[in-house]
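Okay, structure first, notes after.
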Amino acid sequence: MTKRVLIITYYWPPSGGAGVQRWLKFVKYLREFGWEPIIYTPENAEMPSLDNSLLKDIPEGIEVLKTPIWEPYDAYKKLIGQKKEEKINSGFLSENKKPKRTEKLAVWVRGNFFIPDARKFWIKPSVKYLKKYLVENPVEAIVSTGPPHSMHLIAKELKKSLNVKWIADFRDPWTNIDFYNDLMLSGLADKKHKRLEKEVLREADVVLSVGRTMAKELSDLGAKKSEVITNGYDAVENIIDVELDEKFSIAHIGTMTKSRNPEALWKVLSSLVESNESFKKRLELKLVGKVDITVLESLKSYGLDNYIRKVEYMPHDEVIIEQRKSHMLLLVVNDTPNAKGILTGKFFEYMSSGRPTLCLGPKDGDVADIIRETEAGSVFESKDGDDLEKYINESFEGKRAFKTNDFIKKYSRRELTKQLAKILDEL
């Protein structure tokens with residue numbers, strides 16, 4: 001007998017970006033393991049980007065519930081002088097040299113008045129709508145996925161009213177996220193964030209996260225039961241073999257914020273350009289996604305601005321091809337206190353592309369563990385300049401063969417959904 005699970009998610013196709021992938025792929029495979037997913041998502045969300053290529057992954061006949069959401073973004077955009085149709089950057093990425101005073105004010109307002117986030121105004125109407133729906137259409141479990149963490153607060157109220165089983169999924173941390181201290185929180189606001197976070201962790205039947213370090217942090221904060229299901233890769237069908245780029249291409253896919261600026265790499269590449277004429281002629285840095293102004297300035301200071309091919313956004317199916325064409329795939333772990341626990345979704349797609357991942361990050365972090373396990377690439381810290389230069393030079397000269405091992409298979413989206421279904425069954 002098929003069981004039903006309600007999934008509360010802010011991000012859903014045609015929304016693009018990283019936030020949509022995890023639960024879209026779980027939904028794609030859940031039916032195979034005896035669970036029928038029902039999606040609840042906003043009718044008019046502020047999408048980071050549009051990607052219609054993701055619509056094909058939604059299984060036929062899936063019930064998608066939508067209600068309108070009011071978000072204060074029109075006022076926010078007016079305050080910072082941004083056009084209504086422009087997208088808001090995530091993670092404090094800035095494309096301007098110096099943030100305006102109004103931008104700082106907007107951040108302060110966001111952190112202190114919109115707790116836990118700007119979607120807080122959707123909580124009450126959603127609870128009202130979903131209570132009625134669930135009484136008439138019962139489910140065996142509900143899932144909330146955040147950020148935005150307002151999704152968890154919707155689920156918390158439903159759990160309290162209907163005593164339904166609840167999984168709270170953390171794709172990113174709440175109060176331990178890398179930009180938490182940039183929110184300029186008052187003592188009162190900080191206490192409220194932490195109180196709400198603890199309530200979610202203590203009241204959810206299962207707290208799900210993407211890596212072992214985050215799972216431990218959430219357990220330490222009071223999670224009743226903490227489980228890990230990483231992000232993963234989807235088996236790619238109907239993609240013909242692609243030839244490697246003629247240039248020696250190092251590609252970074254996704255947002256490159258100030259805290260992801262790998263100066264150690266820029267220094268090494270600058271040195272190789274200076275000392276190796278052939279490398280100088282063939283180097284290409286592919287930056288697909290938003291790039292912070294500080295990163296671009298850093299590249300310029302190392303004389304690398306002429307080697308950049310920048311693409312602001314690319315549909316997901318095109319990204320997969322672009323990865324396969326690249327000689328190396330660059331993964332930069334944020335240079336922040338929570339670096340060891342950062343395990344981005346794009347890394348798993350890198351891993352499945354058949355191309356080596358060049359990772360700049362802690363050697364004792366979650367990403368490094370999986371890279372060693374799967375032999376999906378190499379990890380360097382900022383102090384490893386000489387080793388990094390040797391690795392890139394040998395790769396350029398074709399002296400390094402590359403092939404992942406069979407451990408990669410356990411990170412397929414189908415296998416990960418099997419793990420999710422087991423957790424749901426146990427509930």
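The values are calculated or read from the model by the stated rules, or taken from the named source; none is laboratory data. Just so you know, these numbers come straight off a predicted model, no measurement behind them. Positions of Cβ are generated from backbone atoms using ideal geometry, with glycine treated the same way; all protein chains shown enter the neighbour counts.
What are the residue pairs meeting all of these: first residue in the stretch 111-135, first residue in contact (Cβ under 8 Å) with a residue 12 or more places away in the chain and farther than 15 Å from Ile8 by Cβ, second residue surrounded by 14 or more Cβ atoms within 10 Å (Cβ to Cβ) and basic (Lys, Arg), Cβ atoms under 8 Å, and 6 or more apart or on different chains?
Phe114/Lys120; Ile115/Lys192; Ala118/Arg110
One line per residue, one yes/no per condition, for (1) farther than 20 Å from Ala421 by Cβ; (2) in contact (Cβ under 8 Å) with a residue 60 or more places away in the chain; (3) among the hydrophobic types (A, V, I, L, M, F, W, C):
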| residue | (1), (2), (3) |
| --- | --- |
| Trp23 | no, yes, yes |
| Val27 | no, no, yes |
| Ile38 | no, yes, yes |
| Ser53 | yes, yes, no |
| Leu65 | yes, yes, yes |
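Would the stretch 178-185 turn up any residue that is within 20 Å of Leu65 (Cα to Cα) and either part of a loop (DSSP other than H, G, I, E, B) or modelled with pLDDT under 95 (or both)?
No, every residue in the stretch 178-185 fails to be within 20 Å of Leu65 (Cα to Cα) and either part of a loop (DSSP other than H, G, I, E, B) or modelled with pLDDT under 95 (or both).
Being touching a helix residue (DSSP H, G or I) at 6+ places or on another chain (Cβ under 9 Å), over 23 Å from Lys390 (Cα atoms), surrounded by fewer than 17 Cβ atoms within 10 Å (Cβ to Cβ) and at pLDDT below 95 narrows it down to one residue among Val311, Val319; which is it?
Of the residues listed, the single one that is touching a helix residue (DSSP H, G or I) at 6+ places or on another chain (Cβ under 9 Å), over 23 Å from Lys390 (Cα atoms), surrounded by fewer than 17 Cβ atoms within 10 Å (Cβ to Cβ) and at pLDDT below 95 is Val311.
Which residues, counting only those in the stretch 281-307, are touching a Leu at 6+ places or on another chain (Cβ under 8 Å) and surrounded by fewer than 16 Cβ atoms within 10 Å (Cβ to Cβ)?
Asp305
For the condition in contact (Cβ under 8 Å) with a residue 60 or more places away in the chain and not basic (Lys, Arg), what is the one hit in Ser219, Ser270, Ser249?
Exactly one residue qualifies, and that residue is Ser249.
Within the stretch 269-276, is there a residue that is modelled with pLDDT under 90 and either out of contact with any Leu (no Cβ under 9 Å at 6 or more places or on another chain) or surrounded by 20 or more Cβ atoms within 10 Å (Cβ to Cβ) (or both)?
no
Which one of these is in contact with a Gly (Cβ under 8 Å, 6 or more places away or on another chain), under 24 Å from Asp172 (Cβ atoms) and without any contact (Cβ under 8 Å) to a residue 60 or more places away in the chain: Pro48, Pro72, Pro13?
Pro48
Every residue, every condition in (1) surrounded by fewer than 23 Cβ atoms within 10 Å (Cβ to Cβ); (2) in the same structural domain as Gln21 (by TED's automatic domain parsing); (3) under 21 Å from the mean Cα position of the chain (by Cα), yes or no:
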site: Lys156; (1), (2), (3): yes, yes, no
site: Ala168; (1), (2), (3): no, yes, yes
site: Thr175; (1), (2), (3): yes, yes, yes
site: Leu196; (1), (2), (3): yes, yes, no
site: Arg212; (1), (2), (3): yes, yes, yes
site: Lys225; (1), (2), (3): yes, yes, no
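Looking at the stretch 374-427, which of the residues that are of a type in the set (Gly, Ala, Ser) and part of a helix (DSSP H, G or I) is surrounded by the most Cβ atoms within 10 Å (Cβ to Cβ)?
Selected residue: Ala421.
Please go through (1) crowded, with 22+ Cβ neighbours inside 10 Å; (2) part of a helix (DSSP H, G or I) for Arg31 and return the number of the only condition it doesn't satisfy.
All conditions pass for Arg31, except number (1).
Hey, can you tell me all the residues within the stretch 329-344 that are in contact with a Ser or Thr (Cβ under 9 Å, 6 or more places away or on another chain) and either assigned by TED's automatic domain parsing to the domain that holds Ser209 or within 15 Å of Ala18 (Cα to Cα) (or both)?
Leu331, Ile342, Leu343
Out of Ser249, Ser298, I need the residue that is in contact with a His (Cβ under 6 Å, 6 or more places away or on another chain) and among the small types (Gly, Ala, Ser). Which one?
Unique residue meeting the criteria: Ser249.
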